[in-house]
Amino acid sequence: MSHSQAESVIKNIIREIVQECAAKGQTVSETMAAFVVKAIVLDPRNGFNVDRTLTKDDVQKLIKLCVDRLLDTKSPSLETIKMQVYFDMNYTTRGEFLDEHHRVLESRLAPVCREITDSRARIAEELESLYRKIVSYVLLRSGLGSPTDIKVVREATAALQSIFPHTELGTFLSLVKKDKERQLKELTMIVTGIRLFNKDCGKGGEGIDDLPNVLKEAIPATTKHIDSELQSSREMIYRYTALIEDMYSKKHKSSLLDLNQLKEALYNARQHEALLNILLSDVITCAQQLDVMDKQYGAQMEQLKATVQSKTAIPTAQVYPLFISLSKLWNSFQDEIVLLSVLSNITANLQPFLELHEELFPAHVIQPLLSDLTVKSDEERIKDSTGECVNPLDFRSQEWYFPETTANYDRLPIQYHGFCGFTIATRDGLLLPGNPGIGTLKHREGYYVFSSKEAASRFAQDPDHYISLIGEKAKQCAELIQLLELHQQFAAITPYSQTNLRQKVTHSMQTHGSHMRRENFSQVYLPKQVGTQTKRDGASNVPKPQIFLSGLRGCGLSKPTNMVKVNLTRDVEES
């Protein structure tokens, strides 16, 4: 079977899975169905051979297994996969978020801009109408107040008239389209700078929120919220880990809890923790950006005041760049607001994927089992192994690294998301934090940390054996592929469903951070998108990747932002 035929078969399988789930009252996205197809085929217990073409019976068996899995309402594993799919579909890097956000704004402004640049106004009424459209464009582009608010419109009109009087319309209309677009953007920045300057001087600023202070309130609040979510997940993690360890040594407790289900719940909480850490890292970046921008904005405002102070006439070449610079800084504040809104909403939308914990492992069942156990945090476990250290001389054919003697140690690509590989391999997937102080083993291109000196020594004796065992465990629990960052290990054997799966945006382990936002800071009131989005063909025969993010501007006070990432890339066969 050719690649295109295999892709067509798997797409049909995915569509049938989605339809069967819908018929049974469960809405499932094609992406989610594709992920479950991957999980079912990878699991050797299901009897599929990734190197063999699917028979008709294979297809029917695969569809049934996938539908049953997707309809399982008490599976922590399924909830973890849903969480991973949601995050993949809705999260990207800060730079890509902002690039898409700006592209969306440009596309929404395009009809207004086109109406201005295509104008052939001649008589007084037409010219007056054109000028009002320019004012509206300036307000829409700047995001400083609504073009339907008369006070805002008056203020913006006065600022625009000071730099672009009606008499300039003739010259504007004589320009080519590109120059008109360039001038509109420049006028927007200058008007924005003027209005911001007037607000700071107490002479205007109608409809302009104090974004720096909004951010200063929003960031700590977001931090507190995400930290609280993290703490809740970590408490579950520590309890589950203690119970699993105890169940290994005291088999009689296995009758009270389902060990496999408990491990799946552990993976679910660990995945939630990992994703929150990514979001917190981004919020920390927002805080750092705010600190820099706030200082720059204050300095720029002071420079502007010094320039115009007690002067009746100032050369435009001297003052306009200052207004433009002020406008660009303000745009950066707006970007941070958008980012905080997105990060906060993603955080809130992760929570439903943890709802099974209370149902499957309620407090009245768990607490009695924990009464005689010591529940340790990750930090306490690492502290317990402090002082243990491998002797590199005992492993002359291998390289060992230590935090205190390795430059840029924090940049090493630590495997398994920092969990002990030996424990994962030998204790049926148990996740324990590795202690870098014990020693970090370099094997091939990977770096491995361990929970004890003994674990490090035994893993080092045959790394490939333990790496293989971890791969086999991940085939049985597909959520581990993403949680343990095993994408490269599985790249060569990912089966039929690979063609329908999105690549994960983030691969590296990120640091802690935090934030919060207020709901009342959207300042842009853009018209609805009424045109059809189209793609211009280039010289290449390969389809140009296209991703569209909708909902970035938020929904105001009435409901939370619902940002959706849509892949608009055409199939190769369509190009």
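Some points to look at:
- Förster-model FRET efficiency, 56 Å R0, residue 173 and residue 61, C-beta, rounded to 0.05: 0.20
- Low-density loop positions, trypsin sites (Lys or Arg not before Pro), segment 87-163 - DSSP coil, at most 15 other Cβ in 10 Å: 120, 122
- Estimated inter-spin distance, residue 367 and residue 45, nm [label 7 Å along Cα→Cβ]: 3.3
- For segment 395-448, averaging the sequence separation of C-alpha pairs within contact (under 8 Å, six or more residues apart) and dividing by the residue count gives a relative contact order of 47 percent.
- Taking segment 239-340 and dividing mean pair separation by its residue count, relative contact order in percent (alpha carbons under 8 Å, at least six apart): 27
- Between residue 404 and residue 314, the contour length at 0.36 nm per residue exceeds the alpha carbon distance by 26.6 nm.
- Segment residue 166-residue 107, length gained on full extension (0.36 nm per residue, minus Cα span): 18.5 nm
- Segment 410-460 - percent of accessible surface contributed by carbon and sulfur, probe 1.4 Å: 42
- Which of 392, 325, 361, positive extreme of dipole for segment 315-432 (C-beta unit charges): 325
- Amide H contacts of residue 447 (H built 1.01 Å from N, in plane; Pro and chain starts excluded): 415 sit under 5 Å, all sequence-distant by 5 or more or on other chains.
- Mean Cβ neighbour count within 10 Å, used as a protection proxy, ranking 187-200, 165-178 highest first: 187-200, 165-178
- Relative contact order, whole percent, for segment 1-101 stands at 27, derived from Cα pairs under 8 Å and 6 or more residues apart.
- Heavy-atom accessible surface of segment 72-171: percent carbon and sulfur, 1.4 Å: 52
The values are calculated or read from the model by the stated rules, or taken from the named source; none is laboratory data. Keep in mind it's a predicted model, so treat the numbers as computed, not measured. Backbone-built Cβ (ideal geometry, glycine too); neighbour counts: all protein chains shown. The protein model used for the area step is the full one, side chains on, heavy atoms only, and it has no ligands, DNA or RNA in it. Shrake-Rupley method; radii C 1.70, N 1.55, O 1.52, S 1.80 Å.
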